[in-house]
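Q: Input: one structure, supplied below.
The values are calculated or read from the model by the stated rules, or taken from the named source; none is laboratory data. Note that the coordinates shown come from a computational prediction; the quantities given were computed from them, not determined experimentally. Quick reminder, even Gly has a Cβ in these numbers, built from the backbone with ideal geometry, and neighbours come from all protein chains shown. Each accessible area value is taken on the protein alone, full model and side chains, heavy atoms only, with ligands, DNA and RNA left out. Shrake-Rupley method; radii C 1.70, N 1.55, O 1.52, S 1.80 Å.
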Amino acid sequence: MKKTIVLVGNEQREETVEFRRDGRAKVVAVVIGRGTATPSLNLHVLHDRQDTESDIVIRVLALDQSRINVRGLLDIRKGAKGTRTYLKADALMLGEESKVDLVPSLEIDENEVQAGHGASVGRVDDEQLFYLTSRGIDRKSAERMVAEGFLKSVFPELTRRDQNKIRKVLDHAFDRAPLR
Amino acid sequence: MPAPRVLRPYKYGFRDPENVVFQTEPGLSRSVVEQISWVKSEPDWMREFRLKSLEIFESKPMPSWGADLSGLDFRKIIYYASPTDKKVRDWKEVPEAIRKTYDRLGVPAAEREFLAGVEAQYDSEVVYGSLKKEWESQGVIFCDTDTAVQKYPDIVRRYFSTVVPPHDNKLAALNSAVWSGGSFVYVPAGVSLDMPVQAYFRINRKSLGQFERTLIIAEEGSSIHYVEGCTAPIYREASLHAAVVEVIAKKGARVRYTTVQNWSPNVYNLVTKRAHAFQDATVEWVDGNLGSKKTMKYPSVFMFGPGARGDILSLAVAGKGQHQDAGAKAIHLAPHTSSTITSKSISFGGGRTTYRGMVKVVKGAHHVKSNVRCDALILDSESRSDTVPVMTIGDPNISIAHEATVSRVNENQLFYLQSRGLKESEATALIVNGFMDPITKQLPLEYAVEMNRLIEMEMEGSVG
């Protein structure tokens, strides 16, 4: 089963991922904060049956003065032997006044499992920016390229509509079309 | 796998005849707090501080998160008892019964080998203290906090409760009202203490709480490694250990505070440990939690100046009936600061470990780097483990990374060891010790040895 979540406005979203028919789940979430928006995502992945797998990828882009809140709970109940789950959450902070609150948590009641998570928060690598600007690309366009690259690996998982939604947001945010 | 033992035999489960000189009646009240202050002949400012803290304690609710503290009854606890009214300087002068206690805990051996000075606390009073002459000549002050209030009031007044104020949390307010004992260490600028300074604590009296208050001040460019380890005998009523540790590391100073806690399985261990690190200062917390019924402890470093650094190593081992809710907090309040948090936890026999951590970066704290790594080992299907890392980032010019894994003992590794003739419990102990290695290798040798032996004991009880 695949679930994609894209938040680009001021949405507060709560999502639960459960395993009814399918034993495997892939979740891709993109949260983009613009202006003074305060989007929030509360994701609960519930493993309560044996031999289920989940792979969660969350990309957060914080622009302007946005404040983004993401909670990702991997919940493994007793008896859910053979569970395999991994959550990766990465946040890119582009706005000087932006704020990110990230809480990836694990609640594990069963030992025959494999579970983990990784999270990172950072800004655009100066070296990357320098590389682009030294090739004559203006800063705004360079930042947009980095933002796009950041989201690029999950883009193919999203629906066309969501992809366009994101492109529109980026167009507005960097107020220009991307360089081609 | 056979069923785990019902009650893990506690190696240090012995008692002393309860020869206490003075103790307050059970429960907490204004008059109890005033008696404590009177017995210590404290100046007015400290008495008033205690009474104000009592008001704060009474007005605050219990924490709604963390370990289950519903079994804790504040009315049944005795908040103060003193075993002797004399302080001693040499082992020979320590009262026989108390000396026997420490003998069984191995303190004299430690004194001979590694340590230059030992402060020992027994039932709320610091009974024994000794300090190497060279430290005294360098201007280092190392005494119990009660003595510091009398002898060095200016220094104490300047720093006491500036790191953990009474309104910080309910248990800090309680400690502020009834604190007794604990260490006061003042290291003058530029002085380096190259030997671990050590203290032992012990709850002996039934239902007695331990409320030590430790204050460590490291002036500019100084460095110190402070080590403490504690044990307590088993009692049926709940025992409470609500300590507060405040550390101030001024510019360029370095403080490492190592704790190995092995309280008996009826103790509620609720501790607030916090450090303020200024420009270019480093504070390291090495926190080992093995015993107690419930532990809630999150050593923190608040970084106030550029170049400040906080490193926290946390180890939690939870067996049947135990919940270790531990972790760390790294609060970045200045640019160019960095922190690392490493947490290893092991749960077995129905035990529960929780890692609770916070990395906070405020706006303006640019060029901050933080790295958190928490790993949990769950040995059997009765046990559980939770991880709740909170990252609150208010400045974009930073780099924060976090990684956590939860797993059980690797079957291939177990098989490999067993096929070389090791019993399953020996193999498990070896693997678990390897898992904890990044932390145990930071402990003073005798703790590392004790830690490894304790793990072997636990594994024997729960496996094979």
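Q: Within the range A:81-92, is there a residue that is within 7 Å of chain B (Cβ to nearest Cβ), free of Cβ contacts under 8 Å to residues at least 40 places away in the same chain and either out of contact with any His (no Cβ under 9 Å at 6 or more places or on another chain) or polar (S, T, N, Q) (or both)?
A: Quick first cut of the range A:81-92, residues within 7 Å of chain B (Cβ to nearest Cβ) only: none.
Taking every residue of the range A:81-92 in turn, none turns out to be within 7 Å of chain B (Cβ to nearest Cβ), free of Cβ contacts under 8 Å to residues at least 40 places away in the same chain and either out of contact with any His (no Cβ under 9 Å at 6 or more places or on another chain) or polar (S, T, N, Q) (or both).
Residue by residue, here is whether (1) within 14 Å of chain A (Cβ to nearest Cβ); (2) farther than 16 Å from A:ASP109 by Cβ; (3) open to solvent by 40 Å² or more (accessible area, probe 1.4 Å) holds:
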{"site": "B:GLY327", "(1), (2), (3)": "yes, yes, no"}
{"site": "B:ALA334", "(1), (2), (3)": "no, yes, no"}
{"site": "B:ARG352", "(1), (2), (3)": "yes, no, yes"}
{"site": "B:ARG373", "(1), (2), (3)": "yes, yes, yes"}
{"site": "B:LEU379", "(1), (2), (3)": "yes, no, no"}
{"site": "B:ILE398", "(1), (2), (3)": "yes, yes, no"}
{"site": "B:PHE415", "(1), (2), (3)": "no, yes, yes"}
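Q: Related question: Within the set of pairs 6+ apart or on separate chains, which have a first residue in the range B:267-295 that is assigned to a loop (DSSP other than H, G, I, E, B), a second that is open to solvent by 20 Å² or more (accessible area, probe 1.4 Å) and among the charged types (D, E, K, R), and C-beta atoms under 8 Å apart?
A: B:PHE278/B:LYS250; B:PHE278/B:LYS251; B:GLN279/B:LYS251; B:ASP280/B:LYS251; B:ALA281/B:LYS250; B:ALA281/B:LYS251; B:ALA281/B:ARG254; B:ALA281/B:ARG309
Q: How about the range B:296-310: which of its residues are assigned to a strand (DSSP E or B) and open to solvent by less than 30 Å² (accessible area, probe 1.4 Å)? Talk me through it step by step, then tell me what you get.
A: Of all residues in the range B:296-310, those assigned to a strand (DSSP E or B) come to B:296-297, B:300-303, B:309-310.
If the condition is that a residue be assigned to a strand (DSSP E or B) and open to solvent by less than 30 Å² (accessible area, probe 1.4 Å), then B:MET296, B:LYS297, B:SER300, B:VAL301, B:MET303, B:GLY310 are the ones that fit.
Q: Would you check if A:ARG160 is open to solvent by 80 Å² or more (accessible area, probe 1.4 Å), out of contact with any strand residue (DSSP E or B) (no Cβ under 7 Å at 6 or more places or on another chain) and not β-branched (Val, Ile, Thr)? Step through it out loud before you land on a result.
A: Numbers: open to solvent by 80 Å² or more (accessible area, probe 1.4 Å): yes; out of contact with any strand residue (DSSP E or B) (no Cβ under 7 Å at 6 or more places or on another chain): yes; not β-branched (Val, Ile, Thr): yes.
So A:ARG160 fits the description; yes.
Q: Next question, about the same structure. Might you let me know whether the range A:148-156 holds any residue that is within 17 Å of the chain's Cα centre (by Cα), open to solvent by 80 Å² or more (accessible area, probe 1.4 Å), more than 9 Å from every other protein chain (Cβ to nearest Cβ) and free of Cβ contacts under 8 Å to residues at least 40 places away in the same chain? So that I can check it myself, show each step before the final result.
A: First pass over the range A:148-156, keeping only residues within 17 Å of the chain's Cα centre (by Cα): A:148-156.
Filter once more, keeping what is open to solvent by 80 Å² or more (accessible area, probe 1.4 Å): A:152, A:156.
Checking which are more than 9 Å from every other protein chain (Cβ to nearest Cβ) leaves us with A:152, A:156.
Among the residues that remain, those that are also free of Cβ contacts under 8 Å to residues at least 40 places away in the same chain are: A:152, A:156.
Checked the range A:148-156: at least one residue is within 17 Å of the chain's Cα centre (by Cα), open to solvent by 80 Å² or more (accessible area, probe 1.4 Å), more than 9 Å from every other protein chain (Cβ to nearest Cβ) and free of Cβ contacts under 8 Å to residues at least 40 places away in the same chain.
Q: Please specify each residue of the range B:381-395 satisfying the condition of being in contact (Cβ under 8 Å) with a residue 24 or more places away in the chain, open to solvent by less than 40 Å² (accessible area, probe 1.4 Å) and not in a strand (DSSP E or B).
A: B:SER383, B:GLY394, B:ASP395
Q: Follow-up. When only residues in the range A:114-143 that are touching a Ser or Thr at 6+ places or on another chain (Cβ under 9 Å) and at the interface with chain B (Cβ under 7 Å from one of its Cβ atoms) count, which is most open to solvent (accessible area, probe 1.4 Å)?
A: Per the stated criteria, the residue is A:GLN114.
Q: Picking from A:LEU74, A:LEU102, A:LEU61, which residue would you name as being touching a residue at least 60 places away in the same chain (Cβ under 8 Å), within 13 Å of chain B (Cβ to nearest Cβ) and in contact with a strand residue (DSSP E or B) (Cβ under 7 Å, 6 or more places away or on another chain)?
A: Of the residues listed, the single one that is touching a residue at least 60 places away in the same chain (Cβ under 8 Å), within 13 Å of chain B (Cβ to nearest Cβ) and in contact with a strand residue (DSSP E or B) (Cβ under 7 Å, 6 or more places away or on another chain) is A:LEU61.
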